Each structure stands twice: as structure tokens, then as C-alpha cells.
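Heads up, the thing below is written out as C-alpha cells.
The values are calculated or read from the model by the stated rules, or taken from the named source; none is laboratory data. Computed from a predicted model, the values in this text were never measured in an experiment. With ideal geometry, Cβ positions are generated from the backbone for all residues, glycine too; neighbour counts draw on all protein chains shown. Note: accessible area is taken over every heavy atom of the protein model, side chains too, but ligands, DNA and RNA are not part of it. Shrake-Rupley method; radii C 1.70, N 1.55, O 1.52, S 1.80 Å.
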Amino acid sequence: MISLSNVTRVYEGGATAVHALRGVSFTISSGEYVAIMGPSGSGKSTLLNMLGCLDRPTSGLYQFEGRDVGGLSEGDLAELRQKRIGFVFQFFHLVPRLSAHNNVDLPMVFAGIEPAARKTRVKAALDRVHLGERSSHRPSQLSGGERQRVAIARAIVMEPALLLADEPTGNLDRHTGWEIIELLEDMNRHGLTLVIVTHDAEIGRRAKRCIRIADGSIESDAPQ
């Protein structure tokens, strides 16, 4: 599914260039469960943005499902993100004035999917994260764990092949965080490719494979 070959990312800022990624190479197969770990400033966020097609390599090759990401137009990249990649973030990024149902519905509205189909898919996504009975509630009426479940439902409603989770438990208490991880792992068991960026060593150990990054380079890459 994913192949990075000698990928670099350099940010030009004034007199000093920041080398965020330095010759990163690895592959991720469909259905894998991978944790990406490393200290702050190691390049984890840059790598996640690269995997999510939010950024392009300065040099090297990134292929997603056989397509050279660096050679795609902005429109093609947007379509790829919309249809094939789901994102879950630490701070949920829900629209406060919208209900859970309407937050989950948003990606399909932008994709131009017909309303009747959207309604069915939103219900299925919310049921999958055990929030069917809370669909009319706004984010302010939901707990942190419930908000993250809405965010996960929104991420999967387009039926992506890859789910990228950036510190998905970082804004939750320990018990709720484990519930979220177990929910994501269940989706992985049903075939969804799962990549989690985390500082939490316990979460990292649960993944089937851990890629450790330091100073923009791969420090280790091993099955667990």
C-alpha cells in the first residue's frame, strides 16, 4: 500500500534549512498495524503529513497504492485523501455547531454523495463506534471519548483503506484512551490499515510493528 524510498523533506526558513526527514525508506502493506514513535521534534508529524498526502517529498519517492504522490496534481491529492485516507487527531476537530450526525456527514457532503446514501452511511458509522443514540448531540454535549468516537466515525465514513491516528488518546483519560485504542484495533482486525503516531510506550507496544524515528531518520523498524 505504502512505499517510501529515500524520502527527504526540507523546509527553507530564512538562512537555515530545516531537514525534517532524512532519507526515510520503508513499506507498509495493506492491513498492517504500525506505531510510529519518537521524541518531540523527531519528524513524526512531518512523516504523518507525508503519509496522509498533506505534504510532498523534497526528494525521494512516495508511492501510495502504486501512485507517485509527488507527481499528483493538487486536485488528485485532494481526491486521494478524500476517498482513501482517514484522519483522527488528538483534539477531535469537530464543528461545534453541528450535531454528531452532521459532523460525520461532512466528508460525504464535500464528495457530492446523494443524501439518502449519506444518511445510511452516517448511521452505520456512528453505530460502529457505539454512538447511534447520540447522533443528535453537539460536541459540547458529549464527553471527550464520545467526541473522539465521532471523529473516528467521520474518518471511516468514506470507507478509506488507510487510517492515520495522530496521538488519538492524548486528550483523554487513561480508561477512555484504552477504549479508543481497542476500537481502532477492532477496525484493523477487520482489514483497515492502521498507523498510529504516539508518545505512549504502552500503546506503541500493542502495534504489530513499531517504526522509531529520531532527528528525521529511521532509528529502528521492527515487528512486535
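Per-residue answers, yes or no, for (1) outside any helix (DSSP H, G or I); (2) more than 14 Å from Ile156 (Cα to Cα); (3) over 18 Å from the mean Cα position of the chain (by Cα); (4) not aliphatic (A, V, I, L, M):
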site	(1), (2), (3), (4)
Gly75	no, yes, yes, yes
Glu79	no, yes, no, yes
Arg97	yes, yes, yes, yes
Asn103	no, no, no, yes
Leu106	no, no, no, no
Phe110	no, yes, yes, yes
Ile113	yes, yes, yes, no
Ala116	no, yes, yes, no
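May I ask you to list pairs of residues, at least six apart or on different chains, whose Cβ atoms are under 6 Å apart, with the first in the range 198-224 being over 14 Å from Lys44 (Cβ atoms) and in contact (Cβ under 8 Å) with a residue 60 or more places away in the chain and the second being open to solvent by 90 Å² or more (accessible area, probe 1.4 Å) and of a type outside the set (Lys, Arg)?
That search, which allows pairs on different chains as well, returns Arg209/Pro223.
Could you check Ala17 against (1) loosely packed, with under 13 Cβ neighbours inside 10 Å; (2) under 23 Å from Arg189 (Cβ atoms) and say which number it fails?
Result: Ala17 passes all but (2).
What's the number of the only condition in (1) under 16 Å from Ala151 (Cβ atoms); (2) at pLDDT 95 or above that Leu48 fails to meet?
(2)
Which residue out of Gln148, Gln63, Gln90 is touching a Pro at 6+ places or on another chain (Cβ under 9 Å) and within 30 Å of Arg22 (Cα to Cα)?
Sole residue among the options that is touching a Pro at 6+ places or on another chain (Cβ under 9 Å) and within 30 Å of Arg22 (Cα to Cα): Gln90.
Evaluate the range 50-70: report whether one residue or more is more than 23 Å from Ser25 (Cβ to Cβ) and either in contact with a helix residue (DSSP H, G or I) (Cβ under 9 Å, 6 or more places away or on another chain) or open to solvent by 40 Å² or more (accessible area, probe 1.4 Å) (or both).
No, the range 50-70 contains no residue that is more than 23 Å from Ser25 (Cβ to Cβ) and either in contact with a helix residue (DSSP H, G or I) (Cβ under 9 Å, 6 or more places away or on another chain) or open to solvent by 40 Å² or more (accessible area, probe 1.4 Å) (or both).
Taking Phe92 as the residue in question, decide whether it is closer than 26 Å to Glu167 by Cβ, in contact with a helix residue (DSSP H, G or I) (Cβ under 6 Å, 6 or more places away or on another chain) and of a type in the set (Phe, Trp, Tyr).
Taking the combined requirement at face value, the residue satisfies it.
Might you let me know whether the range 1-12 holds any residue that is aliphatic (A, V, I, L, M), assigned to a loop (DSSP other than H, G, I, E, B) and open to solvent by less than 80 Å² (accessible area, probe 1.4 Å)?
yes
Can you give me the number of residues within the range 88-105 that are within 22 Å of Ile28 (Cβ to Cβ) and open to solvent by 40 Å² or more (accessible area, probe 1.4 Å)?
2
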